[in-house]
1. Provide the net charge surrounding Ser195, with neighbours chosen by a C-beta distance below 15 Å and charges set as Lys +1, Arg +1, Asp -1, Glu -1.
2. Between Gln20 and Glu285, how high is the FRET efficiency from 1/(1 + (r/R0)^6) when r is the Cβ-Cβ distance and R₀ = 45 Å? Nearest 0.05.
3. What is the count of Lys pairs in the chain whose alpha carbons sit under 28 Å apart, if the two are 8 or more places apart or on different chains?
4. Which net charge results when you count Lys and Arg as +1 and Asp and Glu as -1 among the other residues whose beta-carbon is under 12 Å from that of Gly39?
5. What dipole magnitude, in Debye to the nearest 20, does the range 226-293 give about its Cα centre under +1 on Lys/Arg Cβ and -1 on Asp/Glu Cβ?
6. At a threshold of 8 angstrom on Cα-Cα distance, excluding pairs fewer than six apart, so keeping six or more, what relative contact order does the chain reach in percent?
7. No partner Cβ under 4.7 angstrom, meaning no disulfide-compatible partner by this rule: which Cys of the chain qualify?
8. How much length would be gained if the chain were fully extended between Arg50 and Ala212, taking 0.36 nm per residue of separation minus their Cα-Cα distance, in nm to one decimal?
Amino acid sequence: MIPSFSDLAAFGWSQHFQAQLGDDAGLIPARVAIVHRNGVDIVAPGFEARATLRPWGEEEMPTIGDWVLVDPAILRVERVLTRRSLFKRKAAGTAHRIQLLAANVDTVLVVSSCNHDFNLARIERYLALAREAEVEPVVVLTKADTTEDAASYAAEAARLAAGLMVETCDARDPAIIERLGPWLRPGQTIVLMGSSGVGKSTLVNTLMGTGAIATAPIREHDSHGRHTTTGRSLHHMATGAWLIDTPGIRELQLTDAQEGIAEVFTDVVDLAARCRFHDCRHETEPGCAVRAAIEDGTLDPDRLYRFQKLKREEALNSATLAQRHAASRAFGKHARAVMAAKQKRRDW
Ligand SMILES: Nc1nc2c(ncn2[C@@H]2O[C@H](COP(=O)(O)OP(=O)(O)OP(=O)(O)O)[C@@H](O)[C@H]2O)c(=O)[nH]1
Ligand SMILES: [Mg+2]
Ligand SMILES: [Zn+2]
């Protein structure tokens, strides 16, 4: 029997998902709490289990936070419901692959520290990722207890986008629960993202009121973390919110994020729209509104540099991924043709 709407809503269910229930007789909705190599841990009202997956293509695989329909008799995931939001990136390393990071998230806590980790270009990347996923970002700057300058770190971050929420804290101090209260309501899903060692798991532990997740000290000399968390996990807070802890990301590479980037850099995009030439590179062209803004001090040249770098990188990543897609489709076609030819020879 399908649990009631309000029971499911406590897990993050909404009309968006309800509307997708069709004639899936006998299947029950559940949420993905952990993704394993060959199955997923799922949670649902009054129900927790390890479920297997029906055979799936790599890119249709469920990710953490997904709502799925499960056949309770054989504990197998049969369907992934269309997501309300999705975080994805280009997978690390040389593999030209997309990695899904989290689905159906309401708020992303972009976590950085008031130390060497603090980097505007990095925060902008996470903001672009959030914009692309249409998820509200809140910047959380941890380790405010280790510096006198927490307020200036916060002010610098806040300048990145109009209305951007920025909180500074000692991640071990429960005072943060109240400060993040508006984002921690029942049924809300919050993902924490950031580099290794910034205190994501420490924050989750504080928000949960436990020490359940392992944390480890960073290297003193450069504030680098030790990649203590290795998998993503979903946790239920006493307030009724759902928290997703994630492993530290070494270098966030965006893909399919053009709109997200444009939204984070609306100031530059708006200026560029006023340049005389629509393909202006903002170098030596006459009538360049971007250069004019730099010259009169209204645009920070570093910000233009970061925008152009991120845009170039994103375009390259998206192109390589599209190429790989096309190549694997072509390979599939080729393979099918070879098989058909073989079959024909056999038929002769
Ligand atoms: N003083 C201080 N230490 C903190 C704060 N937040 C985290 N730490 C410490 O920083 C270290 C790293 O914290 P973690 O929570 O493991 O960091 P993480 O972001 O989960 O790192 P990964 O799992 O590697 O991605 C631990 O020793 C924490 O106790 C803070 O606000 N103040
Ligand atoms: Mg961690
Ligand atoms: Zn220009």
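Only the coordinates and a few stated rules stand behind these numbers; no lab work does. The model shown is predicted, which means the values in this text are computed figures rather than measured ones. As a convention, Cβ positions derive from the backbone with ideal geometry for all residues, glycine included, and neighbour counts pool all protein chains shown.
1. The answer is +3.
2. After rounding to 0.05, the efficiency reads 0.35.
3. Going through the chain pair by pair, I get 14.
4. +3
5. 240 debye
6. The value is 14 percent.
7. So far as the 4.7 Å Cβ criterion goes, Cys114, Cys169, Cys288 stand without a partner in the chain.
8. Taking Arg50 through Ala212 to full extension adds about 56.3 nm, to one decimal.
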